[in-house]
Amino acid sequence: MSWVILFVAGLLEIGWAIGLKYTDGFTKLWPTVGTVASLVASFLLLGLALKTLPVGTAYAIWVGIGAVGTALLGILLFGESTGVLKLVSLGLICAGIVGLKLAINNKALHSDKLLAALPIYR
């Protein structure tokens, strides 16, 4: 359930990031109210997810969801530039999100033997 909560928190992060564009410097009441509500809800849900998920992993995933979603909506809603490098970079962030999620469930990646095998730890 924590993963679902974290995912929703990430979606709400996209909401407040995009909402900032519509507040016109916090001069428009309803866009500002919606943006602040999305911000608060996003932080509250992130906090709930952190009760059972590791902070480094959960935070990175939350930020990744927000960054990729905001960038994609910026392209779709505001006509921001696209290019191969930008799209590949967003894809790499998505791959990182998936990798972090998979790493949580892979006990081999948490092993001290894995770290000991790295040359930097010798």
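The values are calculated or read from the model by the stated rules, or taken from the named source; none is laboratory data. Being a predicted model, the structure only gives us computed values, none of them experimental. Backbone-built Cβ (ideal geometry, glycine too); neighbour counts: all protein chains shown.
Structure data summary
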{"read-out": "Out of Thr23, Thr32, Thr52, sole residue that is among the β-branched types (Val, Ile, Thr) and either under 22 Å from Ile5 (Cα atoms) or within 17 Å of the chain's Cα centre (by Cα) (or both)", "value": "Thr52"}
{"read-out": "The range 41-55, subset outside any helix (DSSP H, G or I) and not polar (S, T, N, Q), residue surrounded by the most Cβ atoms within 10 Å (Cβ to Cβ)", "value": "Leu53"}
{"read-out": "Subset of the range 65-81 (residues that are free of Cβ contacts under 8 Å to residues at least 40 places away in the same chain and either surrounded by fewer than 14 Cβ atoms within 10 Å (Cβ to Cβ) or acidic (Asp, Glu) (or both))", "value": "Leu76, Gly79, Glu80, Ser81"}
{"read-out": "Test result for Leu100, free of Cβ contacts under 8 Å to residues at least 12 places away in the same chain, surrounded by 14 or more Cβ atoms within 10 Å (Cβ to Cβ) and within 20 Å of Met1 (Cβ to Cβ)", "value": "no"}
{"read-out": "Filter result for Ala67 (modelled with pLDDT of 95 or more, over 26 Å from Leu20 (Cβ atoms) and part of a helix (DSSP H, G or I))", "value": "no"}
{"read-out": "Residue pairs meeting the criteria (Cβ under 6 Å; at least 6 apart or on separate chains; first over 9 Å from Ala9 (Cβ atoms), in the range 22-51; second surrounded by fewer than 13 Cβ atoms within 10 Å (Cβ to Cβ))", "value": "Thr32/Phe26"}
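Quick grid of which residues meet (1) in contact with a His (Cβ under 8 Å, 6 or more places away or on another chain); (2) modelled with pLDDT under 95; (3) hydrophobic (A, V, I, L, M, F, W, C):
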position	(1), (2), (3)
Gly74	no, no, no
Leu77	no, no, yes
Leu87	no, no, yes
Leu100	no, yes, yes
Leu109	no, yes, yes
Leu114	no, yes, yes
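Per-residue answers, yes or no, for (1) assigned to a helix (DSSP H, G or I); (2) crowded, with 17+ Cβ neighbours inside 10 Å; (3) not hydrophobic (A, V, I, L, M, F, W, C):
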site	(1), (2), (3)
Gly15	yes, yes, yes
Thr35	yes, yes, yes
Leu39	yes, yes, no
Val63	yes, no, no
Lys86	yes, no, yes
